[in-house]
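The structure under discussion appears below in the form of structure tokens.
The values are calculated or read from the model by the stated rules, or taken from the named source; none is laboratory data. Source: prediction; values computed, not measured. Ideal geometry is used to build each Cβ from the backbone, glycine not excepted, and the neighbour counts take in all protein chains shown. When the accessible area is computed, the model is the full protein with side chains, heavy atoms only, and any ligands, DNA or RNA have been set aside. Shrake-Rupley method; radii C 1.70, N 1.55, O 1.52, S 1.80 Å.
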Amino acid sequence: MSDPYILFQNVSKSFGPLTVIKDLDLAIDKGEFVSLLGPSGSGKTTILMMLAGFENPTSGAVIVGGQHVEKLPPHKRNMGVVFQSYALFPHMTVAENVAFPLNMRGVAKPDSAARVQRALDMVQLGAYKERKPSQLSGGQQQRVALARALVFEPAVVLMDEPLGALDKQLREQMQLDIRDLHKRLGLTIVFVTHDQSEALTMSDRIAVFNHGKIEQIGKPSDIYDHPKTRFVAEFIGETNLVEGTITKVGKDRTTITLKQGGKLVVDTRPGLEAGAAATISIRPERIHFDRTAERENDFPGTVLDRVYHGDHIRVVLETRDQRFIVKTDRRMAVLDEGDKASASFTANACWVVG
Amino acid sequence: MFKAARILFGIMVVSFLIAPLLVILPLGFTDSIFLSYPIPGFSWRWFHELFTADAWRRSIINSLIVGSGTTILATVLGTLAALGLRDRLVPFSGFFKTAFLLPMVVPAVVLGVGMQILFVKLGVAYTYPGVIIAHTVLAIPFVVVNVSASLDGIDRRIERAAASLGAPPHVVFQKVTLPLAIPGVLSGAVFAFATSLDEVVLTLFVAGPNQRTLARQMFSTIRENISPAIASAAFLFITGTIILALITVYVRSQTQRSARRPN
């Protein structure tokens, strides 16, 4: 395997007494789409700012394309940055905005005009060249910002919550557009977001941040199905966390005893030891109300709450051991508050987070 | 009841502010030799006097010379100061920000005495540069305040975006920061000019007979022979100021429109 294109080695960043990033190691390959996901204040934006050159690491190395860039000023880094606030130049037209990075690079007029046109066509704004940013909607402004960040074919595109200011429908459309551009142009994208569904739909890999450290990094499905820590399990999507003690480790199945005496069966995997405490994550959509032979786990209880969501129904089931959140399809709409029901799920649906 | 009182109070405040102007303006067009009502007839004679009588003509030219000099000097220095304060280029920039506003509150007489003594030592007393420097000191706070307000309105991320797109710092300043700060610079310049135009106290101290400005000339005319030419001069003053103010308002509205975002 070739060397990673972007490399953070043992990077720390402090603002005065406040340490925002602690001993960070992160490697990103060329052409990869990596999301930095975390709550606000988790340090994800600081990493982006260090990549863009707006912040310098307090210690450690940042290497891009084999070159140390810790001290390189932003304008020499050849990275396209897209901000949440669009950051278009309000006194320039759309075309002038997009031409700006080309002018900085001394691209000749005719060539520049053609590239601006291509970039704007790519984001479906070819007809808006002469408008001022203030005459565009939020979504259109963000498309211009995107075109401006891509037109000079930067080595890396950095996006700092670029869709945060858009409404839901537009955001989902832009997510698909950006993903499409990434595939078509083979861009290396580092994408900062606090929206887990955005990270899941767009990324090749997700790095989940908490308190300036990476809690877990991996493919979206890995992060979602196999969270390493409680924080990741809770931050990515909704989940049921069950606590208990491992009582029996078998060849295929491990049994966990809950505080109230209930038993939970999970798939055995290396590292599970009898006597240890365990937290298990069970995704709400993997719990069912109809019992079948292959669903080893079954917790009878009473329906506490039932909320209709259109495409699914969210049921809160109170059992002796645990309160379960269940996402079920609409066929179960017959369930009502106070009804008796049973949460059943396979051993495979359970994931021991630690 | 409360609403009526509010409207009444508003009218009173506005008339208190505007009445003196309305009183003085018609007197500029009197054909009498007295600065008083009633006006016997309409005439341009005092405007004519203003532009032909040597003392008045000289003072108008002086005001324009000193005003332009002050505007240029104060605008350049004030803008640089505002930029430096914004980026906290110097330690204690909070302190300096206050220091730059001091000329607004220090009594002009105190400044005047101090400047006279200092300027005599430096050899610039009773010269154009001396008067321009004195006026600049008074005008700088207005430029600093206006430019600072303008700079505060600039989203730093716009400048960061420019840098990330390949613009070195001086280009960011030239292509992004300065164009966006221009409304503040312009209104600062207008304020600087207006400050210089109506400044009397410092002028009394640092200007010689050759630098007698329009305001200074009005001041002495009032004491010597209360001629209606004062009212004509006031008319010029006020219309000039209103035109400048309108220009500022126009520039502001133009740039605000292009900076406003629809969402």
Only one residue in B:R212, B:R216, B:R252, B:R160 is within 13 Å of chain A (Cβ to nearest Cβ) and out of contact with any His (no Cβ under 9 Å at 6 or more places or on another chain), so which one is that?
B:R160
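Each row is one residue, and each column tells you yes or no for (1) closer than 18 Å to A:V157 by Cβ; (2) modelled with pLDDT under 90; (3) among the polar types (S, T, N, Q).
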site	(1), (2), (3)
A:L181	yes, yes, no
A:R184	yes, yes, no
A:V192	yes, no, no
A:A199	yes, no, no
A:S203	yes, no, yes
A:I206	yes, no, no
A:H211	no, no, no
A:Q216	no, no, yes
A:P220	no, no, no
Residues being more than 14 Å from B:S63 (Cβ to Cβ) and either out of contact with any Gly (no Cβ under 9 Å at 6 or more places or on another chain) or assigned to a helix (DSSP H, G or I) (or both): count how many of those fall in segment B:199-219.
5
I'd like to verify a number: residues in segment A:335-354 that are part of a loop (DSSP other than H, G, I, E, B), closer than 23 Å to A:T245 by Cβ and hydrophobic (A, V, I, L, M, F, W, C), how many?
1
Inspect segment B:53-61 for any residue being surrounded by 13 or more Cβ atoms within 10 Å (Cβ to Cβ), at pLDDT 90 or above and hydroxyl-bearing (S, T, Y) and give the result as yes or no.
yes
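Which ones in segment A:61-76 are under 25 Å from the mean Cα position of the chain (by Cα) and within 14 Å of another protein chain (Cβ to nearest Cβ)?
A:V64 - this is the single residue of segment A:61-76 that is under 25 Å from the mean Cα position of the chain (by Cα) and within 14 Å of another protein chain (Cβ to nearest Cβ).
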Per the list (1) away from chain B (no Cβ under 14 Å); (2) open to solvent by less than 50 Å² (accessible area, probe 1.4 Å); (3) more than 23 Å from A:T46 (Cα to Cα), residue check on A:L136 breaks on (1)
Restricting segment B:185-227 to residues that are under 18 Å from B:V76 (Cα atoms) and in contact with a Lys or Arg (Cβ under 9 Å, 6 or more places away or on another chain), which is surrounded by the most Cβ atoms within 10 Å (Cβ to Cβ)?
B:S187
Unique residue being at pLDDT 90 or above, open to solvent by 50 Å² or more (accessible area, probe 1.4 Å) and among the β-branched types (V, I, T) when the list is A:T245, A:T255, A:T279, A:T302:
A:T245
Among the residues that make up segment A:78-101, is at least one of them within 13 Å of chain B (Cβ to nearest Cβ), farther than 23 Å from A:P133 by Cα and either surrounded by fewer than 22 Cβ atoms within 10 Å (Cβ to Cβ) or among the small types (G, A, S) (or both)?
yes
Can B:T177 be described as touching a residue at least 24 places away in the same chain (Cβ under 8 Å), within 14 Å of chain A (Cβ to nearest Cβ) and open to solvent by less than 20 Å² (accessible area, probe 1.4 Å)?
yes
Would you point out which residue out of A:R295, A:R314, A:R291 is in a loop (DSSP other than H, G, I, E, B), under 22 Å from A:E238 (Cβ atoms) and basic (K, R)?
A:R295
Restrict the check to segment B:58-81 and report whether at least one residue is under 30 Å from B:G153 (Cβ atoms) and of a type in the set (K, R).
no
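Within segment A:4-28, work out how many residues are closer than 17 Å to A:R205 by Cβ and open to solvent by 50 Å² or more (accessible area, probe 1.4 Å).
Filtering segment A:4-28 down to residues closer than 17 Å to A:R205 by Cβ leaves A:4-8, A:24-28.
Now drop any that are not open to solvent by 50 Å² or more (accessible area, probe 1.4 Å), which leaves A:25.
Qualifying residue count for the region: 1.
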Result of the Cβ filter at 6 Å on segment A:215-241, keeping first residues that are open to solvent by 20 Å² or more (accessible area, probe 1.4 Å) and partners that are aromatic (F, W, Y), at least 6 apart or interchain, is A:E215/A:F231; A:H226/A:W351
Condition first: without any contact (Cβ under 8 Å) to a residue 40 or more places away in the chain, in a helix (DSSP H, G or I) and open to solvent by less than 70 Å² (accessible area, probe 1.4 Å). Can you find one or more residues in segment A:317-334 that meet it?
yes
Filtering segment A:142-197 down to residues that are open to solvent by 30 Å² or more (accessible area, probe 1.4 Å), of a type in the set (S, T, N, Q) and under 14 Å from the mean Cα position of the chain (by Cα) yields A:Q196, A:S197
Of the numbered conditions (1) surrounded by 20 or more Cβ atoms within 10 Å (Cβ to Cβ); (2) out of contact with any Phe, Trp or Tyr (no Cβ under 6 Å at 6 or more places or on another chain); (3) under 19 Å from B:V66 (Cα atoms), B:G130 satisfies every one except a single condition; which is it?
(2)
Restricting attention to segment B:1-30, and to residues there that are assigned to a loop (DSSP other than H, G, I, E, B) and open to solvent by less than 60 Å² (accessible area, probe 1.4 Å), which single residue is farthest from B:A234 (Cα to Cα)?
B:F29
Single match in A:T45, A:T58 (criterion: open to solvent by 10 Å² or more (accessible area, probe 1.4 Å), within 12 Å of chain B (Cβ to nearest Cβ) and either of a type in the set (G, A, S) or on the phi < 0 side of the Ramachandran plot (or both)):
A:T45
